[in-house]
1. Among (1) in contact (Cβ under 8 Å) with a residue 40 or more places away in the chain; (2) over 16 Å from the mean Cα position of the chain (by Cα); (3) open to solvent by less than 20 Å² (accessible area, probe 1.4 Å), where does Val111 come up short?
2. Name, by its number, the condition in (1) touching a residue at least 24 places away in the same chain (Cβ under 8 Å); (2) under 12 Å from the mean Cα position of the chain (by Cα) that does not hold for Arg190.
3. Being of a type in the set (D, E, K, R), open to solvent by less than 60 Å² (accessible area, probe 1.4 Å) and either more than 20 Å from Cys49 (Cα to Cα) or part of a helix (DSSP H, G or I) (or both) is the requirement here; does Arg161 meet it?
4. Taking the conditions exactly as written (touching a Ser or Thr at 6+ places or on another chain (Cβ under 9 Å), of a type outside the set (S, T, N, Q), surrounded by 16 or more Cβ atoms within 10 Å (Cβ to Cβ) and touching a residue at least 60 places away in the same chain (Cβ under 8 Å)), does Leu22 satisfy them or not?
5. List pairs: first in the stretch 76-91 and touching a residue at least 24 places away in the same chain (Cβ under 8 Å), second open to solvent by 50 Å² or more (accessible area, probe 1.4 Å) and of a type in the set (D, E, K, R), Cβ under 8 Å, 6+ apart or cross-chain?
6. Filter the stretch 164-182 for residues that are open to solvent by 30 Å² or more (accessible area, probe 1.4 Å) and out of contact with any Phe, Trp or Tyr (no Cβ under 8 Å at 6 or more places or on another chain) and give the result.
Amino acid sequence: MKGVPADVLASFAALDPVMAGLADRHGPPRLGGRRTGVSRFEQLAEAICYQQLAGAAAATIWGRVRGLVAGPFTPEAVLSLAPDRLRAAGLSGAKTASILDLAAKAADGTVRLDRIGRRPDDEVVAHLTVVRGIGRWTAEMFCVFTLGRLDVWPTGDYGVRAGWARAYGLAEPPSPKELEPAGDRFRPYRTLAAWYCWRALEG
């Protein structure tokens, strides 16, 4: 993972005093970047595993899934696994089907992860959501934590909405529709606003 450059963080903090305070408290975000020995395919499969699960539970299940493949976590290696083995590792039926569909589409070229970094955010989301079980949230997390995009505003993420409410003293988290325009003032750094909303929930 890589840190956000100091000049980018300073430009972002100058946009809003609440976010500036969170930046002072939590330091620079660490966003996407190449993880040694971990392919984009593997990171996307991991993101599927983490859907709608607490971090510790997801990490345990992902460790078991990753342990089913001795070498590189490639589409071909995943397709060689029986679905029952993925289920036994802790994946739901839906997530098993999703990871296998991702592997099949990556293997046949329907999904091209090697070149996806050249696409704009909306095209990345459209490209990935052809995979069964990958919705906008998973695609946006891929943009943030794998591609390191700086202007993603994942209003469908409850943590972002709840963190926004805590940071700005709201009684209830805003709806995705309510939060969407609130992010406009942070362009082109809306990812940083989302990251600090997550940090706001940590106290």
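1. Exception for Val111: condition (1).
2. Status for Arg190: all satisfied but (2).
3. Details: of a type in the set (D, E, K, R): yes; open to solvent by less than 60 Å² (accessible area, probe 1.4 Å): yes; either more than 20 Å from Cys49 (Cα to Cα) or part of a helix (DSSP H, G or I) (or both): yes.
It is true that Arg161 is of a type in the set (D, E, K, R), open to solvent by less than 60 Å² (accessible area, probe 1.4 Å) and either more than 20 Å from Cys49 (Cα to Cα) or part of a helix (DSSP H, G or I) (or both).
4. Working: touching a Ser or Thr at 6+ places or on another chain (Cβ under 9 Å): no; of a type outside the set (S, T, N, Q): yes; surrounded by 16 or more Cβ atoms within 10 Å (Cβ to Cβ): yes; touching a residue at least 60 places away in the same chain (Cβ under 8 Å): yes.
No.
5. The qualifying pairs are Ala89/Arg64; Gly90/Arg64.
6. Those that are open to solvent by 30 Å² or more (accessible area, probe 1.4 Å) and out of contact with any Phe, Trp or Tyr (no Cβ under 8 Å at 6 or more places or on another chain): Arg166, Tyr168, Gly169, Ala171, Glu172, Ser175, Pro176, Lys177, Glu178, Pro181.
The values are calculated or read from the model by the stated rules, or taken from the named source; none is laboratory data. Every value quoted in this text rests on a predicted model; they were computed, and no experiment measured them. Note that we place each Cβ from the backbone using ideal geometry, even for glycine, and neighbour counts take in every protein chain shown. Calculation scope for accessible area: heavy atoms of the full protein, side chains included, ligands and nucleic acids excluded. Shrake-Rupley method; radii C 1.70, N 1.55, O 1.52, S 1.80 Å.
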